[in-house]
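The values are calculated or read from the model by the stated rules, or taken from the named source; none is laboratory data. Owing to the predicted nature of the structure, the values given are computational and were not obtained by experimental measurement. FYI the Cβ positions are ideal-geometry reconstructions off the backbone, even for glycines, and counts take in every protein chain you see. Note: accessible area is taken over every heavy atom of the protein model, side chains too, but ligands, DNA and RNA are not part of it. Shrake-Rupley method; radii C 1.70, N 1.55, O 1.52, S 1.80 Å.
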Amino acid sequence: MIHDSDLVRAFRERWGETAKLFRAPGRVNLIGEFTDYNEGFVMPAALAFSTCVAASKRSDRLLEIHSETFDESRQFNLDDPEPRASHHWSDYVRGVAVILERAGLRLSGANLLIRGEVPIGAGLSSSAAIEVATAAALLGVSGIPLAPMQTAQLCQRAENEFVGIQCGIMDQFVACHGAPGEALMLDCRSLDFRRATLPAGACLVICNTMVQHQLARSEYNQRRADCSAGVRDLARVLPHVIALRDVTLLELEQHRRALDPVVYRRCRHVVAENDRVQQAFPALQRGELDRFGALMRASHDSLRDDFEASCPELDLLVDLASGLPGVYGVRMTGGGFGGCTVNLVQQEHADSFCETIASRYQEATGKEPSLYR
Ligand code: GLA
């Protein structure tokens with residue numbers, strides 16, 4: 001938990017000024033993986049963990065940034081004619097500033113102190129949290145109002161164009177709109193969304209494999225390219241297809257031979273996953289948690305076999321959880337190749353679930369998993 005007064009004090013010690021605070025949460029995705037950039041459906045929930053940026057306005061056009069997590073400072077000039085990413089944590093901050101300016105929003109210089117509690121590299125979207133908290137801070141000190149959805153879109157652009165990850169809108173969207181304790185169902189084409197709360201008696205447990213495989217970034221962009229190849233080939237025979245969102249499973253089967261076999265499996269995951277999210281939302285609203293859990297498990301199997309975005313550690317956590325009492329469903333969550341699983345568990349079984357999963361995972365891998373409820 002980040003204490004506001006503590007962060008304001010740390011800011012004053014560094015810069016001798018009073019700061020305003022801006023924050024954005026991490027997220028866990030309940031279902032709907034790799035569907036966002038295919039104009040489909042997702043169902044993320046905001047976490048209680050957030051990233052907080054303390055900020056004050058400067059009279060020049062410099063950004064002076066300090067990260068407590070990395071215990072490092074960086075300085076940038078907003079007038080730099082050719083800002084470039086440097087594969088450094090500060091890319092997320094600088095990228096947001098660059099894209100806000102490119103969108104025609106004239107920013108003031110600022111001092112920024114960043115304190116994050118979203119675990120980094122765990123697939124819980126610490127990057128969107130820092131992007132959105134930074135955007136809020138830069139816009140706030142510059143006195144520029146911006147609608148949350150536009151903020152999310154510009155932060156996504158920062159990640160696509162500056163950081164170089166071809167992510168969809170899900171993480172930045174939930175960092176702008178989410179509140180702990182509720183799930184959001186977003187239509188990534190229309191950007192309409194609805195909220196739902198978890199029924200009493202159920203809770204989410206996130207299990208961290210404590211691994212993040214190196215290939216995550218390149219594989220992520222490769223999967224997105226596979227999906228684009230699928231759209232291109234399917235649109236030749238199905239002219240109404242603009243995104244995988246527009247394809248049904250029946251159409252996909254009928255035109256299977258138009259696709260490279262790997263591309264076909266990537267598409268099958270996305271098309272089936274969109275169907276699953278659309279079934280999962282009403283199931284959650286009706287409190288049909290067994291149904292919801294079955295959809296989660298089917299999602300995981302599809303991510304493992306068709307989309308190939310899982311890894312042995314995630315599969316192990318899923319297998320260990322599946323047999324335990326009180327578990328409705330479990331799946332990997334987020335961009336994959338490491339990171340976390342999300343488990344939907346009966347509240348009364350949550351303590352014993354956590355104990356058992358931690359000890360069995362540690363026995364099998366030698367790694368102690370972090371668990372978040
Ligand atoms: C990452 C991306 C999201 C989304 C997920 C997979 O978290 O940032 O846009 O594509 O992976 O669902």
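Key figures for this structure:
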item	result
Odd one out for Asp226, checked against (1) open to solvent by 30 Å² or more (accessible area, probe 1.4 Å); (2) among the acidic types (Asp, Glu); (3) touching a Lys or Arg at 6+ places or on another chain (Cβ under 7 Å)	(1)
Boolean, Ala364 is farther than 19 Å from Val42 by Cα and out of contact with any strand residue (DSSP E or B) (no Cβ under 6 Å at 6 or more places or on another chain)	yes
Subset of the stretch 11-44 [more than 10 Å from the ligand (Cβ to nearest atom), surrounded by fewer than 24 Cβ atoms within 10 Å (Cβ to Cβ) and either in the same structural domain as Asp306 (by TED's automatic domain parsing) or within 18 Å of Thr151 (Cα to Cα) (or both)]	Leu21, Phe22, Arg23
Options Arg189, Arg195; residue that is in contact with an Asp or Glu (Cβ under 7 Å, 6 or more places away or on another chain), under 18 Å from Glu33 (Cβ atoms) and more than 14 Å from the ligand (Cβ to nearest atom)	Arg189
Evaluation of Lys57 against (1) open to solvent by less than 60 Å² (accessible area, probe 1.4 Å); (2) farther than 25 Å from Leu124 by Cβ (one fails), failing number	(1)
Among (1) more than 16 Å from the ligand (Cβ to nearest atom); (2) assigned to a strand (DSSP E or B) - the single one Gln279 does not satisfy	(2)
The stretch 127-156: number of residues that are within 12 Å of the ligand (Cβ to nearest atom) and in contact with a Gly (Cβ under 9 Å, 6 or more places away or on another chain)	5
Residue count for the stretch 300-328, restricted to those that are in contact with a Lys or Arg (Cβ under 8 Å, 6 or more places away or on another chain), closer than 23 Å to Thr365 by Cβ and small (Gly, Ala, Ser)	3
Residue identified as more than 20 Å from Thr209 (Cβ to Cβ) and either touching an Asp or Glu at 6+ places or on another chain (Cβ under 9 Å) or not assigned by TED's automatic domain parsing to the domain that holds Leu47 (or both) among Gln362, Gln278	Gln278
